[in-house]
Amino acid sequence: MTLAIRQGQALHRIMEFTHLMSTEGTAGEHPVLEPVWQRCLAPFGLNEGQALDVWDRAQALLALPLARRLLGARGERAWIEREWPDAHGQICRPDRVVVDAIADRTLLRVIDFKWRLLDSERQPYAEQLARYLEVMEMHSPTAHQEAFILTAEPSIWQLIDGRLIHCDEAGRPAL
């Protein structure tokens with residue numbers, strides 16, 4: 001397994017527990033060096049420098065105001081790595097689905113985390129997000145939906161009309 005794949009898996013693990021993240025360790029050390037995070041990241045075989053890099057990239061991603069908004073406030077419900085059957089019984093597993101109740105409507109925000117997004121990966125990932133939205137519509141037909149990819153670069157991409165569009169710092173799709 002390549003380093004980039006292992007880093008991407010470690011990023012997923014960290015992003016599953018964003019509610020536990022802090023910027024300081026308990027003994028003044030880097031948080032990723034604490035035993036709980038070392039255990040969480042152990043399956044990915046990263047050395048200390050690689051683990052620090054993944055952590056710091058996750059922090060940089062979370063520093064983006066749009067990323068924080070998309071991931072949801074503490075009061076919003078979120079499903080992390082929940083399995084959803086499609087119409088054919090196949091399972092899909094979005095990294096995160098945030099349920100945002102806004103006045104009289106519900107918004108389902110599908111989020112997928114990637115280490116990076118290469119030009120050659122845009123179409124397959126757009127199709128992956130489109131499939132997730134189809135499944136969400138099947139399970140919650142009255143909910144509004146949107147889908148995003150958040151990367152460790154850090155960058156944010158939104159699925160619009162079947163294409164992944166990069167969002168600028170203000171959160172606007174750069175059409």
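The values are calculated or read from the model by the stated rules, or taken from the named source; none is laboratory data. Small disclaimer: the values here were computed from a predicted structure and weren't measured. Here the Cβ positions follow ideal geometry from the backbone for every residue, glycine too, while neighbour counts run over all protein chains shown. Heavy atoms of the whole protein, side chains included, go into the accessibility calculation; ligands, DNA and RNA do not. Shrake-Rupley method; radii C 1.70, N 1.55, O 1.52, S 1.80 Å.
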Any idea how many residues of the stretch 160-169 are touching a residue at least 12 places away in the same chain (Cβ under 8 Å) and assigned to a loop (DSSP other than H, G, I, E, B)? 2
Just one listed residue, out of A126, A130, is closer than 21 Å to A4 by Cβ, under 16 Å from the mean Cα position of the chain (by Cα) and small (G, A, S), and it is A126
If I ask for residues that are modelled with pLDDT of 85 or more, surrounded by fewer than 13 Cβ atoms within 10 Å (Cβ to Cβ) and closer than 19 Å to A152 by Cα, which ones from the stretch 4-41 would you list? A4, I5
Considering E121, E137, which residue is more than 28 Å from A51 (Cα to Cα), acidic (D, E) and modelled with pLDDT of 95 or more? E137
Residue count, the stretch 140-167 (criterion: over 29 Å from R6 (Cβ atoms) and open to solvent by less than 50 Å² (accessible area, probe 1.4 Å)): 5
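Condition check ((1) touching a Cys at 6+ places or on another chain (Cβ under 9 Å); (2) not in a strand (DSSP E or B)) across all residues:
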site	(1), (2)
R69	no, yes
G89	no, yes
R116	no, yes
E121	no, yes
A130	no, yes
L133	no, yes
T142	no, yes
L150	no, no
Q158	yes, no
Evaluate the following for A103: is it at pLDDT below 95, at positive phi and of a type outside the set (F, W, Y)? yes
The lone exception for V54 - which of (1) within 16 Å of F148 (Cβ to Cβ); (2) open to solvent by less than 10 Å² (accessible area, probe 1.4 Å); (3) assigned to a helix (DSSP H, G or I); (4) not aromatic (F, W, Y) it fails: (1)
